[in-house]
Amino acid sequence: MTPRIPPERFRALFDPRGVLVAGVSAHPGKFGFVALHNILTQGFPGPVYGTNLEGGEVLGVPMLRSPDDLPPDAVVDLVFVCTPAAANPDLLRACARRGITAAFLTSAGYGEAGERGRAAEAELVALADELGILLAGPNGQGVVSTPARLCAQIVAPYPPPGGIGIVSQSGNFVSSFQNLARACGVGVSRAVSAGNAAAVSVPDFLEYYGADPETRVALAYVEGVGEGRAFFERVKAVAATQPVVLLKGGTTAGGQRAAASHTGALASDDRVFDGMCRQAGVTRADTVDDAFEAAATFATQPLPRGPRVAVVTTAGGWGVVTADAITRSELELLVLPDDLRAAIDERLPPRWSRNNPIDLAGGETRDTVPEVLELAARHPDVDAVVYLGIGIQSNEARLMREGQFWGDPGLERIVAYHERQDARFATAAAEVSAATGKPVLTATELAVADPTNAGPRTVQSTGRLCYPSSYRAVRALEHLWQRARFCQSRGLA
Amino acid sequence: MGRTLAEHESLALLRERGVPVVEEAVVDTPDAAAAAARSLGTPVVVKLTGPGVAHKTERGLVRLGLRSPAEAESAAAELLAAARPDDGPVRLVVAPMVRGARELIAGAHTDPQFGPCVMVGIGGILAEVVADVAVRLAPLDERDAHDMLDDLRAAAILGPVRGDPPVDRDRVAAVLLALSALIVEHPEVVSIDINPLVVVDGAPLAVDALVELRP
């Protein structure tokens, strides 16, 4: 299925050579200031220009009256529009004269603003079409593209680079997902707030992400999907090439009333919507955390080939609740194969669990954790590994470092050892996953409770997500397995 | 609200499309009902049917467990007497009592946003409360039909249960594919409801159905 909008038309939006901010303000509280500020501070390498009616300089950028005043040799692909709706038709015409082929509009007063706004929006779309300008928004919060170091948005933050492509019908969800990306280190390729989606809608962006070599997984927030059948066909085509994670707002009567007043989305039968997602191979998330963590897992872990999970833990209780979570899910708690049990027997005193979860029960020595992770992940019956217990030693190390005995003989040495060990365990989990092509997920509440702990910190430095609970690791893994099974049953790669 | 086909017309339409449907006789007199009971074998069920007859159970127009042709005959007479003028032309359906520990529901409808859809769920008199259903957009393929069965929270019901063999999933999938073809090929069909789709010896059997057409 060919994308409705050819992917090369998005180049001007996501990889512009130069950017013009229209409607720049000298007041740091105004969108027209914030947009320019964010583009400049986050290091966009290309030329940045600005227009306003007041002239002068803002943040060192000389203000032009109009795009017509751009230097003759200026190469600008994207205009970021903060001007009032009434000014935009003339602005777009002037931009087109200077070769600008993409516009992101933050301007309000369009489709969300009654009949006159809808008429203005329709005229603007027709004009952009005629001028050959790709029009994103209006009434959107901006566009982010890490390969281009572009942070053209009126909200924060700028996320780390990575493989997640975000599109949202609600601008603040772009911000939410980027906040989560920044906190856990699993990064973003492109992010865009679709705003009123007058000309370019969520499925258009999804089709682009499907074709974008920088994007490994698409993550979308939607409230309404417009013409449902077309949405289904298009999202199914994207999901055939790339994981698509969807968070749908308005799944209950209460939520649907809220969505109707927010985006005007029509109520839909959630059983139909859910079936549609499954049929399209789309990963449907339950919550914001679930959506982001599913996307982050698709972006950083290989797909499991089957449902069988081995749990490696250094504490019994954690293993038990994780066994519960796996059993409740569509994954399977692997019955420990005899040869794997025998291999682990050689490395541990007999008090270990001798079953799955593989509870080391305190019998581990310096090299046990990496060795057991390796044995488990390499076993042909194991499709995925969940590893629990990272960071315990470094947690004690923090108390030592912060206590009044810090400096006493031996403390520094043991603290360094603890932190080295946790870093080693995190690295081993990532390395054995890469070597075997199997997902290995590390979970600890220290990911949230103390992200500076050497365990979660090192997981992050390996580019992977350190899950805040084993339940959430299992949930993310279940999403991966569901997609793997869908792809296997349909002969998709 | 469109017009609905009578139960026996609905079942006939499904039979034509290859859905296994309970064997039944449509008759007009108590005598004929007794004869039908004799040839089908008792016990039987006798129901009043007609394009205008709805809410059969609530109105007492379904007589179950009739053990002899004579019982069928007197039930038929009572049902004919219970018909109201607004029921329009009525007839009698005589069908064998079908027993199965497991009942499913299956159907198709047109969603205002996504168009024609096919549904399967756990049936029985509490089906609406249990609300365990899976939906796909039509047309669906065989893989989708099997996925729908896996989606049910009570999917375990499809396995071997209390001495009954497991449900033949391929046959249930075939019913869903038939519903898919029916609603896709016939835009005049608004909805189809098979309730119950009784599992007999592991195989699905449509015992009652309602097809609604555009006015």
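The values are calculated or read from the model by the stated rules, or taken from the named source; none is laboratory data. What you are looking at is a predicted structure, and each value in this text was computed from that prediction instead of being measured. For neighbour counting, all protein chains shown are included, and Cβ atoms are generated from backbone atoms with ideal geometry for every residue, glycine included.
Residue by residue through the stretch A:440-462, note down the ones that are in contact with a helix residue (DSSP H, G or I) (Cβ under 6 Å, 6 or more places away or on another chain) and not hydroxyl-bearing (S, T, Y).
A:V440, A:L441, A:A443, A:L446, A:A447, A:N453, A:A454, A:G455, A:P456, A:V459
Quick check, is B:A75 surrounded by 22 or more Cβ atoms within 10 Å (Cβ to Cβ), outside the structural domain of B:A108 (by TED's automatic domain parsing) and at pLDDT 90 or above?
In short, yes.
Mind checking which pairs have a first residue in the stretch A:316-333 that is in contact (Cβ under 8 Å) with a residue 40 or more places away in the chain and a second that is surrounded by fewer than 21 Cβ atoms within 10 Å (Cβ to Cβ) and of a type in the set (F, W, Y), Cβ under 9 Å, 6 or more apart or different chains?
Matching pairs, first to second residue: A:V321/A:Y471; A:T322/A:Y471; A:A325/A:Y471.
Only one residue in A:P62, A:P71, A:P3 is over 23 Å from the mean Cα position of the chain (by Cα), assigned to a loop (DSSP other than H, G, I, E, B) and on the phi < 0 side of the Ramachandran plot. Which one? Break it down into steps so the answer makes sense when it comes.
On the way: A:P62 fails: assigned to a loop (DSSP other than H, G, I, E, B); A:P3 fails: over 23 Å from the mean Cα position of the chain (by Cα).
Answer to the selection: A:P71.
Considering A:A22, A:A86, which residue is of a type in the set (G, A, S), at pLDDT 95 or above, in the same structural domain as A:Y208 (by TED's automatic domain parsing) and surrounded by 15 or more Cβ atoms within 10 Å (Cβ to Cβ)?
Exactly one of A:A22, A:A86 is of a type in the set (G, A, S), at pLDDT 95 or above, in the same structural domain as A:Y208 (by TED's automatic domain parsing) and surrounded by 15 or more Cβ atoms within 10 Å (Cβ to Cβ), namely A:A22.
For (1) more than 28 Å from B:V46 (Cα to Cα); (2) within 13 Å of another protein chain (Cβ to nearest Cβ); (3) in contact with a Pro (Cβ under 8 Å, 6 or more places away or on another chain), each residue gets a yes or a no:
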residue	(1), (2), (3)
B:V90	no, no, no
B:E103	no, no, yes
B:A108	no, yes, yes
B:P112	yes, yes, no
B:V129	no, no, no
B:D147	yes, yes, no
B:V175	no, no, yes
B:S180	yes, yes, yes
B:L197	no, no, yes
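When the residues of the stretch B:38-55 are narrowed to those that are surrounded by fewer than 18 Cβ atoms within 10 Å (Cβ to Cβ) and touching a residue at least 24 places away in the same chain (Cβ under 8 Å), which ends up nearest to the chain's Cα centre (by Cα)?
Residue satisfying both the conditions and the ranking: B:A54.
Give the stretch A:190-221 a look and list any residue that's buried (at least 24 other Cβ atoms within 10 Å of the Cβ), touching a helix residue (DSSP H, G or I) at 6+ places or on another chain (Cβ under 6 Å), of a type in the set (G, A, S) and within 21 Å of A:F80 (Cα to Cα), or say none.
Within the stretch A:190-221, A:A191, A:S193, A:A194 qualify.
Of these, A:G228, A:G224, which one is within 14 Å of another protein chain (Cβ to nearest Cβ), under 30 Å from A:A120 (Cα atoms) and either among the hydroxyl-bearing types (S, T, Y) or surrounded by 22 or more Cβ atoms within 10 Å (Cβ to Cβ) (or both)? Let's see the steps before the verdict.
Numbers: A:G228 fails: either among the hydroxyl-bearing types (S, T, Y) or surrounded by 22 or more Cβ atoms within 10 Å (Cβ to Cβ) (or both).
Of the residues listed, the single one that is within 14 Å of another protein chain (Cβ to nearest Cβ), under 30 Å from A:A120 (Cα atoms) and either among the hydroxyl-bearing types (S, T, Y) or surrounded by 22 or more Cβ atoms within 10 Å (Cβ to Cβ) (or both) is A:G224.
Within the group A:T263, A:T283, A:T241, which residue is farther than 20 Å from B:G115 by Cα, touching an Asp or Glu at 6+ places or on another chain (Cβ under 9 Å) and in the same structural domain as A:I166 (by TED's automatic domain parsing)?
Values: A:T283 fails: touching an Asp or Glu at 6+ places or on another chain (Cβ under 9 Å); A:T241 fails: touching an Asp or Glu at 6+ places or on another chain (Cβ under 9 Å).
Exactly one of A:T263, A:T283, A:T241 is farther than 20 Å from B:G115 by Cα, touching an Asp or Glu at 6+ places or on another chain (Cβ under 9 Å) and in the same structural domain as A:I166 (by TED's automatic domain parsing), namely A:T263.
For the stretch A:17-32, how many residues are in contact (Cβ under 8 Å) with a residue 24 or more places away in the chain and either in contact with a helix residue (DSSP H, G or I) (Cβ under 8 Å, 6 or more places away or on another chain) or of a type in the set (F, W, Y) (or both)? Working first, answer last.
First, pick out the residues of the stretch A:17-32 that are in contact (Cβ under 8 Å) with a residue 24 or more places away in the chain: A:17-26, A:30-32.
Then drop every residue that is not either in contact with a helix residue (DSSP H, G or I) (Cβ under 8 Å, 6 or more places away or on another chain) or of a type in the set (F, W, Y) (or both), which leaves A:19-26, A:31.
Number of matching residues: 9.
In the list A:P67, A:P47, A:P72, which residue meets the criterion of being in the same structural domain as A:A152 (by TED's automatic domain parsing), farther than 29 Å from A:Q169 by Cβ and crowded, with 23+ Cβ neighbours inside 10 Å?
Selected residue: A:P67, the only one of A:P67, A:P47, A:P72 that is in the same structural domain as A:A152 (by TED's automatic domain parsing), farther than 29 Å from A:Q169 by Cβ and crowded, with 23+ Cβ neighbours inside 10 Å.
Residue-by-condition table, conditions (1) farther than 16 Å from A:Q42 by Cα; (2) of a type outside the set (V, I, T):
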residue	(1), (2)
A:E123	yes, yes
A:A128	yes, yes
A:L135	yes, yes
A:Q141	yes, yes
A:T146	no, no
A:C151	no, yes
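Pull out all pairs, ordered by first then second residue, where Cβ-Cβ is under 7 Å, the residues are six or more apart or on different chains, the first lies in the stretch A:351-376 and is without any contact (Cβ under 8 Å) to a residue 12 or more places away in the chain, and the second is among the β-branched types (V, I, T).
A:W352/A:I344
Please pick out the residue among B:D208, B:D164, B:D170 that is among the charged types (D, E, K, R), out of contact with any Lys or Arg (no Cβ under 6 Å at 6 or more places or on another chain) and at pLDDT 95 or above.
On inspection, the qualifying residue turns out to be B:D170.
Taking the conditions exactly as written (part of a helix (DSSP H, G or I), surrounded by fewer than 24 Cβ atoms within 10 Å (Cβ to Cβ) and either hydroxyl-bearing (S, T, Y) or away from every other protein chain (no Cβ under 14 Å) (or both)), does A:A325 satisfy them or not?
The answer is yes for A:A325.
Tell me yes or no: at least one residue of the stretch A:479-489 is within 13 Å of A:A296 (Cα to Cα) and buried (at least 20 other Cβ atoms within 10 Å of the Cβ).
The answer is yes, given that some residue of the stretch A:479-489 is within 13 Å of A:A296 (Cα to Cα) and buried (at least 20 other Cβ atoms within 10 Å of the Cβ).
Residues that are touching a Pro at 6+ places or on another chain (Cβ under 9 Å) and away from chain B (no Cβ under 14 Å): find the helices (runs of 4 or more DSSP H) completely inside the stretch A:243-300 holding 1 or more of those.
On the way: elements: A:253-262, A:270-280, A:288-300.
Here the list reads A:288-300.
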